[in-house]
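The values are calculated or read from the model by the stated rules, or taken from the named source; none is laboratory data. Predicted, not measured: the structure shown is a model, and the values here were computed from it. Because the Cβ atoms are built from the backbone with ideal geometry, glycine has one as well, and the counts that use them run over all protein chains shown.
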Protein chains: 2
Amino acid sequence: MRDRIRAVQFGCGPIGCAVAKLAIQRPNIKLVGAVDIDKSKIGRDLGEVMGMDKKLGIPITDDVDGLLAKTKVDIVFHQTTSSLEMVAPQLTQLLGYGVNIVSTTEELAYPFTTQPKLAAKIDKVAKANKATVLGTGINPGFLMDSWVLFMTAVCQEVKQVKAVRIQDARPRRLPFQKKIGAGCTPEEFQKLVEAGTLRHVGLTESITMIAAGLGWKLDDITESIEPVIAQKRVESQYIVVEPGQASGVRQVGRGLRGSEEVITLEFEASLGTPESYDAIYITGNPNMEVVVKEGTHGDIATAAIVVNAARRVVEAPPGLITMKDLPIVICAP
Amino acid sequence: MRDRIRAVQFGCGPIGCAVAKLAIQRPNIKLVGAVDIDKSKIGRDLGEVMGMDKKLGIPITDDVDGLLAKTKVDIVFHQTTSSLEMVAPQLTQLLGYGVNIVSTTEELAYPFTTQPKLAAKIDKVAKANKATVLGTGINPGFLMDSWVLFMTAVCQEVKQVKAVRIQDARPRRLPFQKKIGAGCTPEEFQKLVEAGTLRHVGLTESITMIAAGLGWKLDDITESIEPVIAQKRVESQYIVVEPGQASGVRQVGRGLRGSEEVITLEFEASLGTPESYDAIYITGNPNMEVVVKEGTHGDIATAAIVVNAARRVVEAPPGLITMKDLPIVICAP
């Protein structure tokens, strides 16, 4: 039997806690440390912060150097923020200790086109320290990019691809419902968009991953964002949306060759959408329509793919890798 | 730009010709030779045998040693027969020249459990000659195994998996329609089953690949086969099926842990089935239902996945590999 993977949880917010909760259930993983910069969490036991009724014997620390200097670590589960620029110092610090990383930083899912210098730097530091770093998640990382590429395996030719994710946000966490603008007036929605706080990050990363995979050179990439306006009253456990208010967000990413739209990604999350689903539409030989009925639960799936990717990342060659080139990630405890 | 992949077509029947036809359309592949053992094809130009109205300048030969001794070859597309025991001498001969192989031999898709000695021998010869060999196809190789494993990436836990492939065989080739027993009486169908000529090969290989991927130890694997009996008259371009005759075949493969059926693969191909589709059902956290609407065309998809896999196989480490551990195959000309 292979050795257990020794893991550190970096970032103990809702997603980080979901990752850690799954990791401690897996016989092939041993959680050996936890990191957060939130003063209210430092020094507390991870189990307590996760809302468990028992301690894990893992104190949360903000002293990354102290932790990694004295602990053997194979991989870090990194769940902090979407911005690659913000997390780059965290990643290079970790890589300096030769530890592998699975991060849910959306901009890391495919940064070679959008942030080539930063991507090259991280790749270089990773290789110099014989470590591997992967950006993944349900989206970007799976539904709108690597799954699309995976399905093209059975196509002789691909002319256009479209991926659609429509989700009813009513079963999701309150912070998620707030993040998509549910209950805002159209004006409030617009202000949140302008402030940069209301936006699903990752469409451009998914578009550039698909293009790189299919060998397409794009001439332009666009992203649009608008509120889904409630036609009738809709409510969740937390929020009531009146007619005329935003029930959520709709974003469309487009990749163009010349004037032709060859990649279309439609993301919609709102309270009370009639049907949740994820779908891929390929125009080519053959045409394909593939659907996940009722869609994929974002929080469950994100924690799953991070933990499931651990073995592949530990075994991968050093450097900054993406889901495009990793062997398929499998739920294998 | 990377060098073009120099390929040889081994086996020039319907599937081999479909592979070659796609390969010559791909800018990243150069077809440099063709092999068949059929005396009626030897010496003829591959283009002619493929039914093209032009010659390709590629004469079909049965002299594998002569061809490989004088021609630089990166990969062989190998489309001959389902039986690993029958093709093993072909594979080891090819591997002796250090060429990589993508084969549609169904029993090669995951032979480690079913034929471990033969698998070990091929792996050893491949590694000794720094060559890589992959068994793939639409099924086994994709729909009922690697696609299932791929979708589990977003699951925290998998308890049971089921894959279903239901296809209307009316649009398929006559040999395929005959192979599934369309137009046979139930007695004739049974005789063909007993003779071993009427059987889709690969369910057991897919089951063992899934089990290996998910880390499951199976206690038993079963396969059943029975005719689909026409309730009313149904006809294709080639065959008329009267009520009471077989319109096709239904096979079910089962993987058991103790008495619990944890893997179920249902394969049905018949003339006039009401709805063609491919589907995956995962019982776990979360449950998932994923459907390819109208299903996947077997011949188109098989040629596609063979040719699409070429780059990955050339770049893979030496040995006998499977779709379970290969980076995702992409339609990338």
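Could you check, for the stretch A:264-282, whether at least one of its residues is under 20 Å from the mean Cα position of the chain (by Cα), in the same structural domain as A:K72 (by TED's automatic domain parsing), in a loop (DSSP other than H, G, I, E, B) and surrounded by 20 or more Cβ atoms within 10 Å (Cβ to Cβ)?
No, that holds for no residue.
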For this session: Please tell me if B:T104 is within 14 Å of chain A (Cβ to nearest Cβ) and either under 18 Å from B:G255 (Cα atoms) or of a type outside the set (G, A, S) (or both).
Result: yes
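State whether one or more residues within the stretch A:65-74 are surrounded by fewer than 16 Cβ atoms within 10 Å (Cβ to Cβ) and in a loop (DSSP other than H, G, I, E, B). Before you say what the answer is, go through the steps one by one.
Restricting attention to the stretch A:65-74, the residues satisfying the condition of being surrounded by fewer than 16 Cβ atoms within 10 Å (Cβ to Cβ) are A:65-66, A:69-72.
Now restrict to residues that are in a loop (DSSP other than H, G, I, E, B): A:71-72.
Yes, the stretch A:65-74 contains at least one residue that is surrounded by fewer than 16 Cβ atoms within 10 Å (Cβ to Cβ) and in a loop (DSSP other than H, G, I, E, B).
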Exercise. Based on what the data block shows, is A:G253 of a type in the set (G, A, S), surrounded by 20 or more Cβ atoms within 10 Å (Cβ to Cβ), more than 14 Å from chain B (Cβ to nearest Cβ) and within 20 Å of A:G135 (Cβ to Cβ)?
Worked result: yes
For this session: Filter the stretch A:287-323 for residues that are in a loop (DSSP other than H, G, I, E, B), more than 16 Å from A:F77 (Cβ to Cβ) and either over 15 Å from the mean Cα position of the chain (by Cα) or at the interface with another protein chain (Cβ under 7 Å from one of its Cβ atoms) (or both) and give the result.
Result: A:N287, A:E294, A:G295, A:T296, A:H297, A:P317, A:P318
Exercise. Can you name every residue in the stretch B:21-40 that is in contact with a Gly (Cβ under 9 Å, 6 or more places away or on another chain) and under 25 Å from B:P89 (Cα atoms)?
Worked result: B:A34, B:V35, B:D36, B:I37, B:D38
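Restricting attention to the stretch B:12-54, report how many residues are outside any loop (DSSP other than H, G, I, E, B), within 13 Å of another protein chain (Cβ to nearest Cβ) and surrounded by fewer than 20 Cβ atoms within 10 Å (Cβ to Cβ).
Initially, the stretch B:12-54 is screened for residues outside any loop (DSSP other than H, G, I, E, B), giving B:14-23, B:29-35, B:45-49.
Keeping just the survivors that are within 13 Å of another protein chain (Cβ to nearest Cβ) gives B:18-23, B:29.
Next, from what is left, pick out any that are surrounded by fewer than 20 Cβ atoms within 10 Å (Cβ to Cβ): B:21.
Of the residues in the stretch B:12-54, 1 are outside any loop (DSSP other than H, G, I, E, B), within 13 Å of another protein chain (Cβ to nearest Cβ) and surrounded by fewer than 20 Cβ atoms within 10 Å (Cβ to Cβ).
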Exercise. Among helices (runs of 4 or more DSSP H) lying entirely in the stretch B:122-217, which contain 1 or more residues that are away from chain A (no Cβ under 14 Å), among the basic types (K, R) and over 20 Å from the mean Cα position of the chain (by Cα)?
Worked result: B:186-195
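Is it the case that some residue within the stretch B:184-194 is over 22 Å from B:G272 (Cβ atoms) and not small (G, A, S)?
If we filter the stretch B:184-194 for residues that are over 22 Å from B:G272 (Cβ atoms), which is where we start, we get B:191, B:194.
Going one step further and asking which of them are not small (G, A, S), we end up with B:191, B:194.
There is at least one residue in the stretch B:184-194 that is over 22 Å from B:G272 (Cβ atoms) and not small (G, A, S).
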Exercise. Do we find that B:Y238 is on the phi < 0 side of the Ramachandran plot, aromatic (F, W, Y), assigned to a loop (DSSP other than H, G, I, E, B) and in contact (Cβ under 8 Å) with a residue 40 or more places away in the chain in this structure?
Worked result: yes
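Return yes when A:G57 is under 19 Å from A:A18 (Cα atoms), crowded, with 20+ Cβ neighbours inside 10 Å, at pLDDT 95 or above and not hydrophobic (A, V, I, L, M, F, W, C) and no when it is not.
On the way: under 19 Å from A:A18 (Cα atoms): yes; crowded, with 20+ Cβ neighbours inside 10 Å: no; at pLDDT 95 or above: yes; not hydrophobic (A, V, I, L, M, F, W, C): yes.
Spelling it out, it is not the case that A:G57 is under 19 Å from A:A18 (Cα atoms), crowded, with 20+ Cβ neighbours inside 10 Å, at pLDDT 95 or above and not hydrophobic (A, V, I, L, M, F, W, C).
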Seminar exercise, completed: Among A:V164, A:V102, the single one that is touching a residue at least 60 places away in the same chain (Cβ under 8 Å), of a type in the set (A, V, I, L, M) and in contact with a Phe, Trp or Tyr (Cβ under 6 Å, 6 or more places away or on another chain) is A:V102
Exercise. Pick from B:G202, B:G244, B:G255, B:G248: which is of a type in the set (G, A, S), farther than 30 Å from B:T185 by Cβ and modelled with pLDDT of 95 or more?
Worked result: B:G255
Exercise. B:K179 fails exactly one of the following numbered conditions: (1) closer than 25 Å to B:S276 by Cα; (2) surrounded by fewer than 24 Cβ atoms within 10 Å (Cβ to Cβ); (3) touching a residue at least 60 places away in the same chain (Cβ under 8 Å). What is the number of that condition?
Worked result: (3)
